[in-house]
Amino acid sequence: MPVKTHKIRCYPNTEMIAVITELTDYNRFCWNQGLTTWNDMYEASLVMDDKKIRPSERSVRNELVQNKADWQYQRSARVLQTAIHRLHQAWQNFFNPNMPDARKPKFHSKRDPKQSFTTDRATVNGKFLTLDRPHGTKHHFTDIKLAEILRFSGTIKTVTITKRGNKFYASIAVSVVDTPQPAFYESWDIAGIDLNVGRINWNDGEVNTFTPRMAVLHQRVKVYQKRLARKRRDNPRHFRSKNYQRTQAKLNRTYQKINALQDDLIHKFSQQITQAYAVLCLEDLNVRGMKMAKNKVKNLQRSLFRRLRTAIEYKAAWQHQHVVIADRFFPSTQRCSNCGFIKTADSYGGKMTLQGDSIYHDHDTYRCYECDMVMNRDENAVQNLIAYAAGLPPERATVH
């Protein structure tokens, strides 16, 4: 059964804010203690040359539970359980060859802008969230008001409370009923998605990923960063003044607004395209290689390539739809969607580059010198991606 997560803003009262703050601190304490215990157990297994005493989720959890202090019984036991479980998953991801970008687990700091904790005993009733109350607590637990009703119906698996600045969010993971798997459709049910810097092109038009509002906010980020850098340069030993902290708070709020706008754009577009088409085809871009060009790094980071692909993949998996990832070397930009001619460096006019070909220096127009077709460059790439997905059998076109 698929698990869907709904992120909702919540409004705790003063007492529950104190509870959430204590639980986030306790979650950080359990993670750091678990990581220390994990490293000690691993080093001991190397010294004694005994693989049987190597750390695991069960052994680390049991070690922390046996050595509990008296004050820990006033905190939820589920926070400790989930913290060690996430630590175990982090180590598995680090050693997974299919996840080369997964980093080694590190210690959490109270200075991190994002503080959170996870529990698997919380309940939701309408627009109210109820946390599990430990027996030894001295706080008066009350329901936490949610901004909206839970979107999915099913069994609640976990609830993660996150604090960003002075705002609180609840990410509720729900196990929902599975839907039947559709059949592989014809080419008119395929959506080709061409990712570009600043925009996304697909069958039904174009979506701008760098809106004017985002441009204003990024300019504001630049101003705040210059102010903070100037304060650190002029007074490197005692730069954390009240003005510095206020400016840093403004910078964090601006980043939150940018992230909220990006999430809104990604989720709306991915939801729209997964509901409209049965098969989705994207390019496998070498973003890491493209970021080696220093003059393109900032624009590439703002283009949301990886975040958009992740959203499309998991939303398509919910509905058992097909997601086709075109080969990294598939010439979607160089190929003519009308006759199939592929431009090369030795062909007439050369390859299409950011400045166009060698005859017409026009980036936005594709000109085929075999069939004389003139077409928008991005629309031509979309048609090539549709043809790529239509030519694959269903078993090769599915991303699990």
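A Förster distance of 41 Å, applied to the separation of the beta-carbon atoms of Gln225 and Lys52, puts the FRET efficiency at 0.20. Counting only protein heavy atoms and a 1.4 Å probe, tell me what percentage of the chain's accessible area is made up of carbon and sulfur. It is 49 percent, rounded to a whole number. The HN-Hα couplings worked out from phi for region 62-79 by the Karplus form 6.51 cos²θ - 1.76 cosθ + 1.60 (θ = phi - 60°) are 5, 5, 5, 5, 5, 9, 5, 8, 5, 5, 5, 6, 8, 10, 5, 5, 5, 5 Hz, whole numbers, x standing for Gly and Pro.
Per-residue SASA remark: His140, around 130 Å² accessible (1.4 Å probe; ligands, DNA and RNA not included).
Measuring gaps between exposed loop sites in the chain (GluC sites (Glu not before Pro); DSSP loop; at most 12 other Cβ atoms within 10 Å), the longest gap, sites not included, is 187-394. Restriction of the chymotrypsin sites (Phe, Trp or Tyr not before Pro) in region 101-145 to DSSP coil positions whose beta-carbon has at most 12 other beta-carbons within 10 angstrom yields Phe107. When shorter helices are ignored and each DSSP H run of at least 4 residues is given -39500 (n - 2.57), the per-residue value for the chain at 222 nm works out to -13500 deg cm²/dmol.
Measuring r between the beta carbons of Ala249 and Tyr11 and using R0 = 22 Å, the FRET efficiency lands at 0.65. Each residue of region 303-315 is assigned a 3J(HN,Hα), and the resulting list reads 8, 6, 4, 5, 5, 5, 5, 4, 5, 5, 5, 6, 6 Hz, derived from the Karplus form 6.51 cos²θ - 1.76 cosθ + 1.60 (θ = phi - 60°), x at Gly and Pro.
Here region 24-84 is treated as a sphere whose radius is the Kirkwood value from Cα pairs; by Stokes-Einstein at 37 °C and 0.692 mPa s it diffuses with a coefficient of 272 µm²/s. Remark on Gln115: its backbone amide H falls under 5 Å from those of Lys163, a criterion applied only to residues 5 or more positions apart or on other chains, H modelled at 1.01 Å from N. Between amide H atoms placed 1.01 Å from N, distances below 5 Å from His108 occur with Asn32, all of them 5 or more places distant or on a separate chain. In the chain, Cα pairs under 8 Å separated by at least six residues give a relative contact order of 16 percent. Once the chain from Lys106 to Glu370 is taken as fully extended at 0.36 nm per residue, the excess over their C-alpha distance is 89.4 nm. Computed from the C-alpha gyration tensor, the three semi-axes of the ellipsoid equivalent to the chain are 45, 27, 23 Å, from longest to shortest.
Each 10 Å bin, from zero up to the one with the longest distance, holds this percent of the alpha carbon pairs of region 88-175: 14, 34, 34, 17, 2.
Converting phi to 3J(HN,Hα) with the Karplus coefficients 6.51, -1.76 and 1.60 and the offset θ = phi - 60°, region 169-175 yields 10, 10, 9, 9, 8, 10, 8 Hz in sequence order, with x at every glycine or proline. Between Asn235 and Ala317, the modelled labels are 5.0 nm apart [label points 7 Å from Cα along Cα→Cβ].
For region 298-400, averaging the sequence separation of C-alpha pairs within contact (under 8 Å, six or more residues apart) and dividing by the residue count gives a relative contact order of 28 percent. Residues whose amide H falls under 5 Å from that of Ala326, counting only those 5 or more places apart or on a different chain, are Leu282, Glu283, Asp284, with hydrogens built in the peptide plane.
Of the residues Met352, Met373, ranked by 1.4 Å probe accessible area with the largest first, the sequence reads Met373, Met352. Our summary gives region 1-129 a relative contact order of 30 percent, counting only alpha carbon pairs under 8 angstrom and 6 or more residues apart. Of Val223, Val287, Val159, the residue with the largest accessible area leads and the full order is Val223, Val287, Val159 (1.4 Å probe).
The values are calculated or read from the model by the stated rules, or taken from the named source; none is laboratory data. Quantities reported herein were computed from a predicted structural model and do not represent experimental measurements. For neighbour counting, all protein chains shown are included, and Cβ atoms are generated from backbone atoms with ideal geometry for every residue, glycine included. Each accessible area value is taken on the protein alone, full model and side chains, heavy atoms only, with ligands, DNA and RNA left out. Shrake-Rupley method; radii C 1.70, N 1.55, O 1.52, S 1.80 Å.
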